[in-house]
Amino acid sequence: MSQLGAVQIEIAVLLGRSRLPIQQFLRMGRGAVIPLDAAEHEEVWILANNHPIARGEIVIQGDHIAVSITEAADVHDYFAA
């Protein structure tokens, strides 16, 4: 079990996606806003090493932002988006 404790996993939360031309991206500077395809209360994807593992919702508790896991991820839904 001690070897498992040494394994590193990168966890990421995907709030939304956006498509834009590379020229528009290159013109963006500090403070630029990239619109996402997600609504305010939409579920987010939780990724482990860039692989979808779960869905969740954003939870704000005072000054802290967290993610509450709501269901296991359907990989086919993730790649269809």
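Any read-out appearing in this document is the output of simple, stated calculations on the displayed coordinates, not a laboratory observation. What you are looking at is a predicted structure, and each value in this text was computed from that prediction instead of being measured. Glycine gets a Cβ as well: all are built from the backbone with ideal geometry, and neighbour counts include every protein chain shown.
Values as computed for the structure displayed
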quantity	calculated
Estimated inter-spin distance, SER18 and ALA80, nm [label 7 Å along Cα→Cβ]	2.6 nm
Calculated diffusion of the chain, Stokes-Einstein form, Kirkwood radius summed over Cα pairs, 20 °C and 1.002 mPa s, µm²/s	142 µm²/s
Selected from LEU47, LEU36, LEU14 as most flexible by GNM, with the chain as the system and alpha-carbon contacts under 10 Å	LEU36
In the stretch 25-81, the GluC sites (Glu not before Pro) that fall in loop regions by DSSP, at most 16 other Cβ within 10 Å	GLU40, GLU42, GLU43
